[in-house]
1. Can you find, within the range 618-650, the residue that is nearest to residue 670 (Cα to Cα) among those that are without any contact (Cβ under 8 Å) to a residue 60 or more places away in the chain and open to solvent by less than 50 Å² (accessible area, probe 1.4 Å)?
2. What number of residues within the range 699-718 satisfy the criterion of being in a loop (DSSP other than H, G, I, E, B) and not aliphatic (A, V, I, L, M)?
3. List the residue pairs whose Cβ atoms are under 6 Å apart, where the first residue sits in the range 425-445 and is under 10 Å from residue 565 (Cα atoms), the second is charged (D, E, K, R) and open to solvent by 30 Å² or more (accessible area, probe 1.4 Å), and the two are 6 or more positions apart or on different chains.
4. From the list 43, 28, pick out the single residue that is open to solvent by 90 Å² or more (accessible area, probe 1.4 Å) and in contact (Cβ under 8 Å) with a residue 12 or more places away in the chain.
5. Could you look through the range 485-494, keep only residues that are in contact with a helix residue (DSSP H, G or I) (Cβ under 7 Å, 6 or more places away or on another chain) and not in a strand (DSSP E or B), and pick out the one that is most open to solvent (accessible area, probe 1.4 Å)?
6. Please go through (1) under 24 Å from residue 230 (Cβ atoms); (2) open to solvent by 30 Å² or more (accessible area, probe 1.4 Å); (3) polar (S, T, N, Q) for residue 576 and return the number of the only condition it doesn't satisfy.
7. Considering only residues that are in contact with a strand residue (DSSP E or B) (Cβ under 8 Å, 6 or more places away or on another chain), open to solvent by less than 10 Å² (accessible area, probe 1.4 Å) and either in a loop (DSSP other than H, G, I, E, B) or within 30 Å of residue 245 (Cα to Cα) (or both), which ones fall in the range 353-372?
8. Is it true that residue 191 is open to solvent by 60 Å² or more (accessible area, probe 1.4 Å), under 30 Å from residue 15 (Cα atoms), of a type outside the set (Lys, Arg) and touching an Asp or Glu at 6+ places or on another chain (Cβ under 7 Å)?
Amino acid sequence: MSKKPKKLGKKPKDFTAQIFKILSREPSKSFNYKQIAAVLELSDTKSRNEIIRDLKILKAQDKIHETEIGKYQIISKAEYYEGIVDMTSRKTGYFVCDELEDDVFIPFINLNHALDGDKVKAYIYNRRSSRKPEAEVLEILERKKSEFVGVIDVQKNFAFVTTANAKMYTDIFIPKNKIGDAEHGDVVLVTLEDWPKKADSPFGSVIKVLGKPGEHNTEIHAILAEYGLPYDFPIEVEAYANKIDTSITEEEIKKRRDMRDVLTFTIDPKDAKDFDDALSFQVLENGNYEIGVHIADVSHYLQEGTILDDEAYKRATSVYLVDRVVPMLPEVLSNFACSLRPHEEKYTFSAVFQLNNKAEVLDAWFGRTVTYSDQRFAYEEAQSIIETKSDVIPAEISLTGNEYIVPKPIVDATFKMDELAKILRRKRMAAGAISFDKVEVKFNLNEDAEPIGVYFKQSKDANHLIEEFMLLANRKVAEFIGKQKKTFIYRIHDEPNEDKLINLQTVIAKFGYSINFRSKKDISSSLNNLLSEVVGKKEQNLVDTLTIRSMSKAAYSTENIGHYGLAFDYYSHFTSPIRRYPDVMAHRLLQFYIDGGKSVSEEEYEEKCVHSSQMEGLAAQAERDSVKYMQVKYMQDHKDEEFLGVISGVTEWGIYVEIIENKCEGMVRIREIRDDYYTFDDKQYALVGEVSKNILQLGDEIYVKVKNADLVKKQLDFHYLRKRE
């Protein structure tokens, strides 16, 4: 059915926001309707009458008062704040402001063209009465985004673009001359150009056609475009990268610590193409161990002020989607020149530690090096050495597909480093670190990137071995600079919000778990116990997810507040410069300070930290969307199957169900549950049948079938079959 254009200018104009803006600029002054009309440059009788009407409405709502007949002033108790709009999926929103104790409800009529995430100036009213406060957007200070992805509906003289984002409450009007090459039904990227005062929809133009809905590349490119993330490099950036001299020269080696003769190897995922880090190991004459954490020296190639560096900073991170990596650096650097590939000499930036048998750090050295990787391991291969105590790698897990024997020095080094890593981990846990070993959903893909199977990735000893030495390097680098009181880029993690922990306690109590709130250390200890107790149980993924959500978000900052989750007073990101720009900045600053440089501008680097944190957040959202997309795609081929799932969320409109065998989550809408009439009980987090009194609550196991798998919305709907007895 074709869509008719929305008629403009039929409704009486609402001047509320403009009146508020005028009166709030001069709160001590009174205005009549003529003065307000003059400021708004309106002279027609109709507009003036509408201003008079709105002034009377505002007076009746106690938002302004009449100082003398026909003259109005802002009420002195009126309060104005700057904050962010957080939209719901029901065309209403909340005003989020650090100065306010609670988020404030924004009715649809008060949004005044604000969209999700926009920074706005808002007026709060009824704050001191018994009614709940509400907010009204007076001014949009900054749009969060101006580009949107959606499906275009092309008519004869215009088009509309509708997005799949539930928080985007309006479609976008596209004039005929701005449709470009888009055809009806295409997925397109549009830019929002204007939102006329009298228009129901914003006006925009098509800037890119992404393809047809449901096609694999279309949907993956749509995910990236939705978050403003690129999927290829500009030609000039690729050309610049290809011209860089990537040879290892004697002249450069002389400027570095030469560690090519020290036993060095990498441990990475089997499908990894870039190798950021390597470990070296040798036993010293005094019986202690020298362990080097060697990191790709990206900053050697990535020079400040170049178009390559500008592009890397803009991206700030690599994006890891289910079927591809969108790298921060062009392939010539990420997969070749910088990558610590086996049997190749590389420029590295290293943290070299002397440890004793108690894993105590007796000495630390930081600086530029040149290294040679003797061996590349997949995690599975290193794990085999640790578990079997054997030097034979079976063919079925071997990177080469053939059985082979690992040289004894590498086997001995692996055993010793595993032993030391376990001590480091125990110390960290004893200090209050939280062990988040959340199950990761992974897909087996065929040649066409179609999901043909689901499996779960969990960390084992080999993963922990690498993790502990990377954590050690990150911590010691941050400590080295931090104690000099010089500007640096820290990875910080604040303590959890108590309200969120109380909400978590409410949910986990239904499964028989609890949190000890007596002290910071007791909280950490009980969270670790909780995460340990749920392993292998039906509620594990639910509890893991809710616990992570109760935590503060880690971020980059020049202000060091420590890292709560790791229980470190100092922490930075130093070990992954191929895929994270903050690590590149950490390398540059570390070398600058080693060379005797004075502390750099905190303000300049704080701005870079904020940008890096924002880009990391967008990448994480894109990664989550790609997983959801693959889950929906996978379930499309399993519509006739019956699955056992666990109720992972309960709302007034239905229940969310996570399938136990593949972690795919979908919704059963309340109206679709046919065996009774159900109502939502918010105290029990449950739906309750009116006749049967049957209860469907968090953690219950139920059988479901796929009702609908929507690739565009990345959404699964289930049929409810029955509760597991």
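1. Applying the first criterion (without any contact (Cβ under 8 Å) to a residue 60 or more places away in the chain) to the range 618-650 yields 620, 624, 637, 647, 649-650.
Next, only the ones that are open to solvent by less than 50 Å² (accessible area, probe 1.4 Å) stay: 620, 647, 649-650.
Numbers: 620: 31, 647: 13, 649: 13, 650: 10 Å.
Selected residue: 650.
2. Of the range 699-718, the ones in a loop (DSSP other than H, G, I, E, B) are 699-700, 711-714.
Going one step further and asking which of them are not aliphatic (A, V, I, L, M), we end up with 699-700, 713-714.
Counting residues in the range 699-718 that are in a loop (DSSP other than H, G, I, E, B) and not aliphatic (A, V, I, L, M) gives 4.
3. Correct list of pairs: 432/521.
4. On the way: 43 fails: in contact (Cβ under 8 Å) with a residue 12 or more places away in the chain.
Exactly one residue qualifies, and that residue is 28.
5. 486
6. With (1) under 24 Å from residue 230 (Cβ atoms); (2) open to solvent by 30 Å² or more (accessible area, probe 1.4 Å); (3) polar (S, T, N, Q) applied to residue 576, the lone miss is (2).
7. 367, 369, 370, 371
8. The answer is no for residue 191.
The values are calculated or read from the model by the stated rules, or taken from the named source; none is laboratory data. Note that the structure is predicted; figures quoted are calculated from it, not measured. A quick note on method: Cβ atoms are made from the backbone with ideal geometry, for glycine too, and the neighbour counts reach across all protein chains shown. Ligands, DNA and RNA are excluded from the accessible area calculation, which covers all protein heavy atoms including side chains. Shrake-Rupley method; radii C 1.70, N 1.55, O 1.52, S 1.80 Å.
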